[in-house]
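See structure below.
The values are calculated or read from the model by the stated rules, or taken from the named source; none is laboratory data. From a predicted model like this one, the values you see are computed outputs, not experimental measurements. Glycine also receives a Cβ, built like all others from the backbone with ideal geometry; neighbour counts cover every protein chain displayed.
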Amino acid sequence: MAMGGAARRRSGLRYRRGNTDLEFNRFANLSDGVFAIAMTLLVVTIGEPTVSDTRITHELHGLLPQIFAFFLSFAVIGRYWLAHHEFLSLLTGVKQRLLWCNLVYLALIAFLPFTTGLFGDYDAVAEVVAIYALNVAAISAMEAVMFAVAHRAGLVERPLPRDAYRYAVFESIVPVIVFVVSIPLAFVDHYAAFACWASLLVIAPIVARRRPADAEPYLP
C-alpha cells in the first residue's frame, strides 16, 4: 500500500530525457525488447513437419498458410516498430500516463504471435480472421492514443501545428478503420477481409500525399 501511495503521489512526475536518464532508457529498452521477442516468437507458429521423405512436399504445401501468416505478422510488427521508433524520436520525456499506455500497446504487440498462430491454422474461419484484425486494429488505435497523450502532455520536442497534429492522428487511425471494416467482411468471405487489408497498400500512399506542408519539420 505504501508503494502504491508513493506511486500516486509521483503520478505527475516527468522523467526528462538525457544521457544519464535511467527511466527514459528503460521505457525505450522495454519496448524494443517486447518487439524483438514478439517477432522471434512468430516463427514458433509454423509447425515443423514430421513425415516421411515421400510426403514432405505435401506437408510443406500444407504449411503455406502458416508461412504466409508469419511473414504478414513480421511485416506488421516491423511496421509498428518503425512507427514506435519514430515516435520515441519526437519525445523529450515520458510521464506515467504515457508509460501505462505504452504497456497496453506492448501487450497487444506481445499478443500478436498468438493471434498469428490461430490465423495460420484457421485462416478461412471468420472468427479467427476477425480476432486477428481486431488485434491489429487495437495496436493502431493505441498508437493514436499514445501520440495524443504525449502531445497534450507537452512531451514532444516541438508542439505540432493543429493541422499537422490532426494529420498525424488521422494517419494512425486509417489502419484502425481498415481492419475494423474487414471484421464484418470476414463473415461474408475471408478473402474479402484479406483484400480489405491489402487496400492499405493503396490507401497509405494516398493519405501520405495529404500531409500538410508545415508538418515536415515536426514529423519524421
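From the list 166, 211, which residue is surrounded by fewer than 18 Cβ atoms within 10 Å (Cβ to Cβ) and outside any helix (DSSP H, G or I)? 211 is the lone residue from the list that is surrounded by fewer than 18 Cβ atoms within 10 Å (Cβ to Cβ) and outside any helix (DSSP H, G or I). Any idea which residue in region 142-160 is farthest from the chain's Cα centre (by Cα), counting only those that are small (Gly, Ala, Ser) and buried (at least 18 other Cβ atoms within 10 Å of the Cβ)? Among residues in region 142-160 that are small (Gly, Ala, Ser) and buried (at least 18 other Cβ atoms within 10 Å of the Cβ), the one farthest from the chain's Cα centre (by Cα) is 150. Looking at region 169-179 only, could you name the residues that are surrounded by 19 or more Cβ atoms within 10 Å (Cβ to Cβ) and among the β-branched types (Val, Ile, Thr)? 178, the sole residue that qualifies. Among the residues of region 100-141, those identified as of a type in the set (Gly, Ala, Ser), within 13 Å of the chain's Cα centre (by Cα) and either outside any helix (DSSP H, G or I) or under 18 Å from residue 194 (Cβ atoms) (or both) are 133, 137, 140. For region 142-163, give me each residue that is basic (Lys, Arg) and part of a helix (DSSP H, G or I). Hits for region 142-163 are 152, 162.
Looking at this structure, is residue 89 over 16 Å from residue 37 (Cβ atoms), surrounded by fewer than 17 Cβ atoms within 10 Å (Cβ to Cβ), modelled with pLDDT under 95 and not acidic (Asp, Glu)? Yes. Taken over region 92-141, the residue count meeting the criterion of being within 24 Å of residue 157 (Cβ to Cβ), surrounded by fewer than 18 Cβ atoms within 10 Å (Cβ to Cβ) and hydroxyl-bearing (Ser, Thr, Tyr) is 1.
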